[in-house]
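Comments concern the structure below.
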Amino acid sequence: MISTLLVVQILLTIAIVITVLLQKSSSIGLGAYSGSNESMFGAKGPAGFLAKATFVLAILFVLNTLTMGYVYNKEKAHSVVDTIDASTAVPVTTDKNSTKK
């Protein structure tokens with residue numbers, strides 16, 4: 001389950017990077033390759049669509065991250081300390097002869 005969520009997380013990351021790079025900025029970025037007014041997004045171009053797509057992808061990214069954390073904590077409910085055998089553990093002793101001044 002974790003590996004599936006991790007693959008989805010990587011795909012979401014790539015999709016977010018692509019949508020952010022396609023958006024028009026002051027330096028245009030990769031938005032210069034998206035076409036002109038005759039694009040399928042209308043005269044305004046893909047600005048509104050890409051902003052909404054970025055928002056949706058970001059929400060999916062956050063939800064996937066939270067799901068991964070929840071599932072990982074459920075699968076790894078036991079600590080390494082729980083596996084230590086009490087008979088093999090080194091006992092902690094205090095030195096009663098030393099005094100603090």
How many of the residues in the stretch 1-54 are small (Gly, Ala, Ser) and modelled with pLDDT of 85 or more?
-> 3
From the set of residues in the stretch 60-101 that are polar (S, T, N, Q) and at pLDDT 80 or above, which is surrounded by the fewest Cβ atoms within 10 Å (Cβ to Cβ)?
-> ASN73
Residues that are in contact (Cβ under 8 Å) with a residue 40 or more places away in the chain and either farther than 17 Å from PHE55 by Cα or not β-branched (Val, Ile, Thr) (or both), drawn from the stretch 9-20 = GLN9, LEU12, ALA15
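The values are calculated or read from the model by the stated rules, or taken from the named source; none is laboratory data. Note that the coordinates shown come from a computational prediction; the quantities given were computed from them, not determined experimentally. All Cβ positions, even for glycine, are placed from backbone atoms using ideal geometry, and neighbour counts span all protein chains on display.
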